[in-house]
Amino acid sequence: MIKLQQQEINKMCLMIVTPVNIADGTVLSAKDYLYDAKQQKIYFLNLHEWHKFIFTHDLLTQYEAYIKDFRNTKNLLNWLQGQGYGIDDVQACVTHAASAEVNTADAKKKQTLNDVNQHIQQPDGSLYVPGSSLKGVFRTAVLYKLLQQKPAVAKRYWGKVQEEMAKYNFKPVFLNRLTSDLEAELLHTLQLEERGRAVKPQNAVCSALRGLQVSDSYASKNVQVAVLQKVDVGFNTEGRANEHTLSVFRECMLPGSELYFDVKIEKAFMTTLGINSIDDLLQATQKFFEAVLALLQDAFGKGYPQVFTNIDGANMFLGSNTGFLSKTLLALLAPDAQTAKETIRVLLDKSFRQHKHILRDKIISPRTLKCTTCRGEVVLMGLAEVRKV
């Protein structure tokens, strides 16, 4: 059994560079929040307190009629004002409020934000970053580091990708199995015994990442929140730059927000992965970020140079809407960018037929850059800087 010896523990700062959303799985329809279209401000509701307000103010019949005739274009705040009440009357029902940035062309006519994807939050409504989200980024970065050191492994796994995709009825779910196998080979480096018998490497207890502990963020400052609209940028069929604003809204932490968390490394575990310190972990994270950013800049840099400015210090992609390439190693397993594109577009076409990846992914696959409009500018989603305090 491995004895825990050396440890390194450090307080870390996470600086939000471009808007970050870490979804909690809650999607609010227009009947679940109050939206002031004139002020472009959204009020999130504690539904228990809201329903209590409805009951105690004898509004149940009218509210049931509103719900029965509900459409996602009907504004709940307008309904409330029609009953003779306003925001000041329901402050006890509001967990928190945020500005909403709506595409200029839609702002005047849009009375709701359709569905809103909430950011994960504490019971008091404050936003935070789970340690699992951060550890997931570190995990992928360590895998990339190991693949860089073991090109024969990368070549072998790329061969497995090609074998699977050559099958007549291949299913994209094979990628999950491939990732599990890759993790077992590269990360499950602990040689353990149980009852005198060696534990099989496939067992998760053999993962050296047991030696990496990442806390949830526990303190923050300068945190500003806004509900932002999804913008996909890419190229049309003629190869010209083209932006597409979608009716998808996410609650985001804004640039300049700072959050704090702890990282602990058990060196007896992590040294088996070539990670001897938190600095080594940050260096691996930086290298993976640079590799993904280089792919994106090569494809989109000439058409959208502005989204790659003002991102100094960023060293990770974090959270929702950061794109396929930032969350998988598939493109970085490939021997070259062209081969990666050809393979990924077939894979994505199988997964999302309606998006027509094979026909439309001309320069890179996926063909769109995941962005949002923030403070009047189109920016990349999910860039952050993590550093030691």
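Couple of notes before you dig in:
- For Arg177, the criteria (1) open to solvent by 50 Å² or more (accessible area, probe 1.4 Å); (2) more than 21 Å from Lys327 (Cα to Cα); (3) not aromatic (Phe, Trp, Tyr) hold in every case but one, which is (2).
- Pair list, Cβ < 6 Å and 6+ apart or interchain, from the stretch 146-172 residues that are at negative phi to residues that are open to solvent by 100 Å² or more (accessible area, probe 1.4 Å) and assigned to a helix (DSSP H, G or I): none
- Pair list, Cβ under 7 Å, 6 or more apart: the stretch 319-331 residue of a type in the set (Phe, Trp, Tyr), other residue outside any helix (DSSP H, G or I) and surrounded by 19 or more Cβ atoms within 10 Å (Cβ to Cβ): Phe324/Pro366
- Qualifying residue in the stretch 120-135 (condition: surrounded by 14 or more Cβ atoms within 10 Å (Cβ to Cβ), farther than 26 Å from Asn46 by Cα and modelled with pLDDT of 95 or more): yes
- Here Ile311, Ile364 are screened, and the one residue that is touching a residue at least 60 places away in the same chain (Cβ under 8 Å) and surrounded by fewer than 20 Cβ atoms within 10 Å (Cβ to Cβ) is Ile311.
- Within the stretch 180-195, if we keep just the residues that are buried (at least 16 other Cβ atoms within 10 Å of the Cβ) and hydrophobic (A, V, I, L, M, F, W, C), the residue that is farthest from Val142 (Cα to Cα) turns out to be Leu190.
- Subset of the stretch 255-308 that is open to solvent by 20 Å² or more (accessible area, probe 1.4 Å) and polar (S, T, N, Q) - its residue that is nearest to Ala337 (Cα to Cα): Gln297
- Consider the stretch 314-344 and keep the residues that are part of a helix (DSSP H, G or I) and of a type in the set (D, E, K, R). The one that is least open to solvent (accessible area, probe 1.4 Å) is Lys341.
The values are calculated or read from the model by the stated rules, or taken from the named source; none is laboratory data. All values derive from a computational prediction rather than experimental measurement. Using ideal geometry, Cβ is built from the backbone for each residue, glycine included, and neighbour counts are taken over all protein chains shown. Each accessible area value is taken on the protein alone, full model and side chains, heavy atoms only, with ligands, DNA and RNA left out. Shrake-Rupley method; radii C 1.70, N 1.55, O 1.52, S 1.80 Å.
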